1. Looking at the stretch 230-244, can you tell me whether even one residue there is of a type in the set (S, T, N, Q) and either in contact with a Leu (Cβ under 6 Å, 6 or more places away or on another chain) or at pLDDT below 95 (or both)?
2. Return the residues of the stretch 79-106 that are under 15 Å from residue 281 (Cα atoms) and of a type in the set (Ser, Thr, Tyr); say none if nothing qualifies.
3. Quick one: residue 183 ticks every box in (1) in contact (Cβ under 8 Å) with a residue 60 or more places away in the chain; (2) more than 17 Å from the chain's Cα centre (by Cα) except a single one, so which number is it?
4. Of everything in the stretch 202-242 that's among the hydroxyl-bearing types (Ser, Thr, Tyr) and farther than 15 Å from residue 303 by Cβ, which residue is farthest from the chain's Cα centre (by Cα)?
5. Of all residues in the stretch 167-187, which are assigned to a helix (DSSP H, G or I) and of a type in the set (A, V, I, L, M, F, W, C)?
6. Taking the condition of being closer than 16 Å to residue 350 by Cβ and either surrounded by 23 or more Cβ atoms within 10 Å (Cβ to Cβ) or in contact with a Phe, Trp or Tyr (Cβ under 8 Å, 6 or more places away or on another chain) (or both), how many residues in the stretch 209-226 meet it?
7. List, please: which pairs have Cβ atoms under 6 Å, are six or more places apart or on different chains, and start with a residue in the stretch 340-369 that is over 15 Å from residue 236 (Cβ atoms) and end with one that is surrounded by fewer than 21 Cβ atoms within 10 Å (Cβ to Cβ) and among the aromatic types (Phe, Trp, Tyr)?
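The values are calculated or read from the model by the stated rules, or taken from the named source; none is laboratory data. Owing to the predicted nature of the structure, the values given are computational and were not obtained by experimental measurement. Cβ coordinates were reconstructed from backbone atoms using ideal geometry, including for glycine residues, and neighbour counts include every protein chain displayed.
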Amino acid sequence: MAALPLARSFASSSSSSLLFSNLASSPSTSLSFLATSSLSLSASTNYSYASPLLPSPRRVSSLCSTSSSSSGRLVVSAAEKKKVLIVNTNSGGHAIIGFYFAKELLSKGHSVTILTVGDEASDKMKKPPFSRFSEIVSAGGKTVWGDPAEVAKVVGGESFDVVLDNNGKDLDTVRPVIDWAKSSGVKQFLFISSAGIYKPTEEPPHLEGEVVKASAGHVGVEQYLAEVYESWAVFRPQYMIGSGNNKDCEEWFFDRIVRDRPVPIPGSGMQLTNIAHARDLSSMLTLVVENSSAASGNIFNCVSDRAVTLDGMARLCAQAAGKSVNIVHYDPESIGIDSKKAFPFRNMHFYAEPRAAKDILGWKGTTNLPEDLKERYEEYVKIGRDKKPMEFALDDKILESLKVPVAA
């Protein structure tokens, strides 16, 4: 069966400048504005690992087959209960993935142990999501701390069906976990990589199988895993939100909006990015655990199926807070500012699409930024961050250079 061409469409609504959606369409479909989005590719489409040095075509070929119904959709059988080990990072935006994944698995009746890097008594463990690990324990899960390089010792010789590494960013860090898992009979290995490894493209969004940066540490892990493991899957997330996140995303915007400060955004503000709720990441991961045969040997963009502009993110955050927003655009180079330090997102189009998860797993995203941001703002106020004293040195430098006044 010939692969379907991958065309693009953008959602049009009263807030079309804020949220964009992508879908697969027929060969005759041209770039158009639509009110809804959908994706339905053949269930035999393969999104398996390709060399990062060779660009893959944007039309994915039909190379593998899965059990499907007469309509061509994946047939999901009842899943067996499995023992899962999550090796979780102790900091950064990815920490929330392990937390949500553990809770999702436990709600489905699976057994979960979450191994967090470091020491349980460290200051890092006093912050979310670690401060909420009691929720995992109360749901029947187990929490341990230690060095992933000594994973056998940390888990006390316990056996598992599945291991997820949500910690390592390079092969030196992840190889000990992969080697231990293989030697101890773990059937399925999952790895949290990053959509940041894709090479910039003139034709976004990033799709599974496209060329990546060979120098990126995650790529070495992906290659090694594909070489030594029979049943594996790789996930490439982008920015994420959700209760328990300990890396500023929406908070960066709230900090300025609630204090009636201008929100400085580099460039035009029309750059597209992708923000997914952590519950969507965990639901995708859980589907892979419960459908290991279909998922084996595949890469999944672990992202929402909608994009948002940088200006749109500012406006949606203001909407969630019930406030107005004053957006100011600037050129980082002309001001002498490093936008990586002054702004929480990349200053470029940076978004991917979860086509493999939709096609292979029948996954559906639930991220709804306007609603999800309302929840996040309520939590923001609840912890008192809206009243916390803050300094905005880089903002002030930007605003001063633009001669934009700031209220005292």
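1. Within the stretch 230-244 (the criterion being of a type in the set (S, T, N, Q) and either in contact with a Leu (Cβ under 6 Å, 6 or more places away or on another chain) or at pLDDT below 95 (or both)), the answer is yes, since at least one residue qualifies.
2. Within the stretch 79-106, just 100 meets the criteria.
3. Here residue 183 meets the rest and fails (1).
4. 229
5. Hits for the stretch 167-187 are 171, 174, 177, 178, 180, 181.
6. Residues in the stretch 209-226 being closer than 16 Å to residue 350 by Cβ and either surrounded by 23 or more Cβ atoms within 10 Å (Cβ to Cβ) or in contact with a Phe, Trp or Tyr (Cβ under 8 Å, 6 or more places away or on another chain) (or both): 5 in total.
7. 344/252
Listed here are the residues, each with its yes/no results for (1) surrounded by 13 or more Cβ atoms within 10 Å (Cβ to Cβ); (2) within 24 Å of residue 267 (Cβ to Cβ); (3) at pLDDT 95 or above; (4) polar (S, T, N, Q).
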| position | (1), (2), (3), (4) |
| --- | --- |
| 372 | yes, no, yes, no |
| 386 | yes, no, yes, no |
| 389 | no, no, yes, no |
| 395 | yes, yes, yes, no |
| 404 | yes, yes, no, no |
| 407 | no, no, no, no |
